[in-house]
């Protein structure tokens, strides 16, 4: 069986990042910083950061193709605390079942990758952040979507992660197997 290939060139990537920026601004939403996921999310994150002036950080979440690395994905507790607005000084609020938070301290964070393929990378990040910072807080259900948003160049409609906010191209790998080739590969 021959697998169909979709090959992106640099002009495609430029247009796709422009589309993501446009969608974000049309939503009247601006992140405090952009987080590029190693490896595929770094190029679009850099491009978006350069075009918007929004600072950029990275997070290493390689669930496959680790080249024998035993360390596993990188947990960034400080990012989850930024999203939550948690600085360690909050008091426990029994009515909420969590710590009091100051909405003014909550950061908007855009997480970007090249593709939302199976959804495993984004699911790992959501679960890691929830477990890293106040895991029992019901506020996390609001944070993911309001303060933390996800962007991809290509959205696989067959993915198990359905919380992508911004995407520039769609495929459905459950209907047609396609191999995506980005110019940095």
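The values are calculated or read from the model by the stated rules, or taken from the named source; none is laboratory data. These numbers were taken from a predicted model, which means no experiment stands behind them. For neighbour counting, all protein chains shown are included, and Cβ atoms are generated from backbone atoms with ideal geometry for every residue, glycine included.
What to note about this one:
- Boolean, residue 143 is under 17 Å from residue 62 (Cα atoms) and surrounded by 21 or more Cβ atoms within 10 Å (Cβ to Cβ): no
- Residue match in region 98-120 (condition: in a strand (DSSP E or B) and at pLDDT below 75): yes
- Looking only at region 84-97, and only at residues there that are surrounded by fewer than 19 Cβ atoms within 10 Å (Cβ to Cβ) and touching a helix residue (DSSP H, G or I) at 6+ places or on another chain (Cβ under 9 Å), the one that is modelled with the highest pLDDT: 87
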